[in-house]
1. Return the total of residues in the stretch 105-115 being out of contact with any Phe, Trp or Tyr (no Cβ under 9 Å at 6 or more places or on another chain) and surrounded by 14 or more Cβ atoms within 10 Å (Cβ to Cβ).
2. Being within 20 Å of the chain's Cα centre (by Cα), aliphatic (A, V, I, L, M) and in a helix (DSSP H, G or I) is the filter here, so list the residues in the stretch 113-157 that pass it.
3. Looking at the structure I just gave you, is Arg90 touching a residue at least 40 places away in the same chain (Cβ under 8 Å), part of a helix (DSSP H, G or I) and surrounded by 13 or more Cβ atoms within 10 Å (Cβ to Cβ)?
4. When the residues of the stretch 54-64 are narrowed to those that are surrounded by 14 or more Cβ atoms within 10 Å (Cβ to Cβ) and under 28 Å from the mean Cα position of the chain (by Cα), which ends up nearest to Gln102 (Cα to Cα)?
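What follows draws every value from the coordinates through simple rules; no lab data is involved. Just so you know, these numbers come straight off a predicted model, no measurement behind them. With ideal geometry, Cβ positions are generated from the backbone for all residues, glycine too; neighbour counts draw on all protein chains shown.
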Amino acid sequence: MKSKLLKSVALAAMMAVSALAAAQEIKIGYVNSERVLREANLAKTAQLKLEAEFGKREKDLKEQETKLRGAAEKLEKDAPTLAEAERNRRQRDLVEVDRDLQRKRREWQEDLTQRKSEELGAVVERANRVIKQIFEADKYDIILQDALNVSARVDITKKVIDTLNAQK
C-alpha cells in the first residue's frame, strides 16, 4: 500500500514539474548561416575582394588553356604532314605545358580556398558576435543555426544581416 502511495506521489510530482516547465515560455531563434554569408554586406565585400585578388590569375589560366587547346588542335591537324621527330617533340612540349598549367591551376585553387576560408572566417566570427549580442539583448533561451525545417516566427536571420550591415 505504501509502495502504491509513493508511486502516486512521485507521479504527481513529475506531472507538476512537467506542467511548470511547459508553462514557462522558451524563446527560440534561428539563423540561416548560408543566407548571412550570401546577403550580408561584409560577405559581399569579402567576395569582391577575392574576385579582385584572384580574377587576374584565373583569366590568365583560361587564356593559357585556350592556347594549349589551340596548339593541340594545330598539332592534330598538322600531324599527318610532320616528320616523326617533329611530331614527338611537339607532343612532349604540349604535355609539358599541360602539366605546368595543371600545377598552376592547383596552386591557384589552393590559394583561393585558403583566402576564401580566411575571409569567410572573419565574416562568420563577426556574425557570431552579432548573434551573441542579439541572444543576450533579446533574452533568447537558444539560437539554432542551419536546421532542416524552421518556422518564420523564430527566424532572426534578417535581424542578424541588418545588424551586421549597420556595423562599420
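1. So the first thing to find is which residues in the stretch 105-115 are out of contact with any Phe, Trp or Tyr (no Cβ under 9 Å at 6 or more places or on another chain), and the list is 105-107, 109-110, 113-114.
Checking the rest, the ones that are also surrounded by 14 or more Cβ atoms within 10 Å (Cβ to Cβ) come to 105.
Looking only at that region, the number is 1.
2. Passing the criteria: Leu120, Ala122, Val123, Val124, Ala127, Val130, Ile131.
3. Values: touching a residue at least 40 places away in the same chain (Cβ under 8 Å): no; part of a helix (DSSP H, G or I): yes; surrounded by 13 or more Cβ atoms within 10 Å (Cβ to Cβ): yes.
It is false that Arg90 is touching a residue at least 40 places away in the same chain (Cβ under 8 Å), part of a helix (DSSP H, G or I) and surrounded by 13 or more Cβ atoms within 10 Å (Cβ to Cβ).
4. As a first pass, look at the stretch 54-64 and keep what is surrounded by 14 or more Cβ atoms within 10 Å (Cβ to Cβ): 54, 57-58, 61, 64.
Next, only the ones that are under 28 Å from the mean Cα position of the chain (by Cα) stay: 54, 57-58, 61.
Numbers: Phe54: 16, Arg57: 13, Glu58: 12, Leu61: 9 Å.
Only one residue tops the list, namely Leu61.
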